[in-house]
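The values are calculated or read from the model by the stated rules, or taken from the named source; none is laboratory data. Remember, predicted model here, so these are calculated numbers, not experimental data. Cβ coordinates were reconstructed from backbone atoms using ideal geometry, including for glycine residues, and neighbour counts include every protein chain displayed. To get the accessible areas, we keep the full protein, side chains included, count just its heavy atoms, and leave off ligands, DNA and RNA. Shrake-Rupley method; radii C 1.70, N 1.55, O 1.52, S 1.80 Å.
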Amino acid sequence: MKAYLSKRIIGAIPLLVLVTFLAFILINLRTSDPAEIALRVNQITPTDEMVQSMREELGLNQPFLVRYKNWIVDSFNGEFGTSYVNNKPVLEELRQAIPPTLQLAAATLAIIVIFSMSIGILCSVFENRWQDRFLRGIVFVLAAMPSFWIGLLLMWYFSVHLGLLPTSGMEGPTSIILPAVTLSLTFLSTYVRLIRNNMVQNKHENFVLYAKVRGLKQSTITWKIFTNSIQSSLTAFGMSVPRLIAGTVVVENIFAWPGIGRLCVKAIFNSDVPVIQAYIFMMAVLFIVCNLIVDILIVLIDPRLRREAK
């Protein structure tokens with residue numbers, strides 16, 4: 001098992017380097033000069049001398065590979081540079097933006113787990129009956145709608161029409177309901193379908209026939225089918241965490257949620273390169289680490305994979 005862990009961790013390093021290197025190339029393909037942008041956002045008229053001075057200050061005169069090496073080394077040390085817009089350390093801005101995003105992702109994940117399991121089990125129990133088709137139809141229709149459109153509809157009905165919930169911002173515990181529901185609908189159909197199909201497949205396994213012969217209650221048999229089906233869904237649920245955090249960009253901007261997605265969009269509009277690079281680095285690390293954790297958990301849970309890993 002130790003050899004498997006070492007192999008997976010070592011294998012993740014080249015992937016991280018590749019992702020960050022490609023992202024660094026794309027950012028540097030921009031036609032606009034970061035030094036000139038840094039001067040303009042600080043209300044300074046750029047002259048040739050000032051642009052040259054700023055390029056030296058930002059280290060933009062160095063060769064491309066040297067700049068990439070310095071950036072990746074500094075990023076691993078938590079040094080993401082200074083924002084071009086407000087001259088604050090990028091790390092400080094990230095520290096302020098990450099907690100709201102984590103709160104939103106946690107609330108969304110809770111909604112996804114509760115509703116996808118409940119609806120998935122119901123669809124499996126009523127397989128191919130009208131209840132199964134009705135529930136799947138509603139979930140799929142909602143999932144097919146763009147998240148910004150659902151967010152606007154929910155905002156209009158619950159905030160403007162009924163006056164029950166805040167329209168935007170973090171004005172209290174209820175502020176998280178609308179953005180979390182909007183974000184969860186994007187993922188819900190995938191997990192409902194996954195759980196439902198796995199349970200339908202497991203209903204025909206020998207352990208279910210054996211349980212029926214033993215005279216177990218239907219609720220007990222359904223629970224056994226569910227526990228045997230959930231393992232294959234762990235990978236998808238595990239990868240939901242980075243997808244939720246990275247996917248909050250649209251929803252955070254609709255509901256003015258002060259998270260990392262809103263910070264990233266603001267940085268893109270202002271061409272704030274250090275913030276954009278820090279966001280890409282964090283997302284790459286998050287996806288790779290979560291994928292690694294899920295793979296290890298699956299190996300620990302499944303004895304067949306555990307034997308192969310030895």
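Show the residue pairs that are 6+ apart or on different chains and have beta-carbon atoms under 8 Å apart, the first residue being within the stretch 192-214 and under 13 Å from Leu122 (Cα atoms), the second being outside any loop (DSSP other than H, G, I, E, B) and basic (Lys, Arg).
Pairs found: Val192/Arg136; Arg193/Arg136; Arg196/Arg136.
Can you name every residue in the stretch 13-51 that is of a type outside the set (Val, Ile, Thr), at pLDDT 80 or above and farther than 19 Å from Phe80 by Cβ?
Listed by number, the residues that qualify are Pro14, Leu15, Leu18.
Would you check if Gly59 is touching a helix residue (DSSP H, G or I) at 6+ places or on another chain (Cβ under 9 Å), modelled with pLDDT under 80 and on the phi > 0 side of the Ramachandran plot? Give the derivation first.
Working: touching a helix residue (DSSP H, G or I) at 6+ places or on another chain (Cβ under 9 Å): yes; modelled with pLDDT under 80: yes; on the phi > 0 side of the Ramachandran plot: yes.
In short, yes.
Residues of the stretch 258-294 being of a type in the set (Phe, Trp, Tyr) and modelled with pLDDT of 85 or more, which ones? Talk me through it step by step, then tell me what you get.
From the stretch 258-294, those of a type in the set (Phe, Trp, Tyr) are 269, 279, 281, 287; that's our starting set.
Matches in the stretch 258-294: Tyr279, Phe281.
Determine, yes or no, whether Leu165 is within 25 Å of Val250 (Cβ to Cβ) and in contact (Cβ under 8 Å) with a residue 12 or more places away in the chain. Please lay out each step first, then the result.
On the way: within 25 Å of Val250 (Cβ to Cβ): yes; in contact (Cβ under 8 Å) with a residue 12 or more places away in the chain: yes.
So Leu165 fits the description; yes.
Of the residues that make up the stretch 147-161, is at least one open to solvent by less than 80 Å² (accessible area, probe 1.4 Å), under 15 Å from Ile254 (Cα atoms), free of Cβ contacts under 8 Å to residues at least 12 places away in the same chain and not in a loop (DSSP other than H, G, I, E, B)?
Scanning the stretch 147-161 turns up at least one residue that is open to solvent by less than 80 Å² (accessible area, probe 1.4 Å), under 15 Å from Ile254 (Cα atoms), free of Cβ contacts under 8 Å to residues at least 12 places away in the same chain and not in a loop (DSSP other than H, G, I, E, B).
So which residues in the stretch 119-132 are open to solvent by 60 Å² or more (accessible area, probe 1.4 Å), assigned to a helix (DSSP H, G or I) and either small (Gly, Ala, Ser) or within 17 Å of Gln201 (Cα to Cα) (or both)? Reasoning before the result, please.
Within the stretch 119-132, the first condition is being open to solvent by 60 Å² or more (accessible area, probe 1.4 Å), and the residues that meet it are 122, 125, 128-130.
In the following step, the residues that additionally are assigned to a helix (DSSP H, G or I) were identified as 122, 125, 130.
Residues satisfying the conditions are Leu122, Val125.
Mind checking whether some residue in the stretch 82-102 is of a type in the set (Lys, Arg) and farther than 30 Å from Val181 by Cα?
Looking for residues that are of a type in the set (Lys, Arg) and farther than 30 Å from Val181 by Cα, one finds at least one in the stretch 82-102, hence yes.
Would you check if there is a residue in the stretch 91-114 being under 19 Å from Val273 (Cβ atoms), touching a residue at least 24 places away in the same chain (Cβ under 8 Å), open to solvent by 30 Å² or more (accessible area, probe 1.4 Å) and over 26 Å from the mean Cα position of the chain (by Cα)?
no
How many residues does the stretch 105-117 contain that are farther than 16 Å from Leu234 by Cα and among the hydroxyl-bearing types (Ser, Thr, Tyr)?
Within the stretch 105-117, residues that are farther than 16 Å from Leu234 by Cα and among the hydroxyl-bearing types (Ser, Thr, Tyr) number 1.
Count, please, the residues in the stretch 76-90 that happen to be modelled with pLDDT under 85 and buried (at least 17 other Cβ atoms within 10 Å of the Cβ).
The total comes to 6.
Regarding the stretch 30-51, can at least one residue be identified that is open to solvent by 60 Å² or more (accessible area, probe 1.4 Å) and either in contact (Cβ under 8 Å) with a residue 24 or more places away in the chain or of a type in the set (Phe, Trp, Tyr) (or both)?
Yes, there is a match, as at least one residue in the stretch 30-51 is open to solvent by 60 Å² or more (accessible area, probe 1.4 Å) and either in contact (Cβ under 8 Å) with a residue 24 or more places away in the chain or of a type in the set (Phe, Trp, Tyr) (or both).
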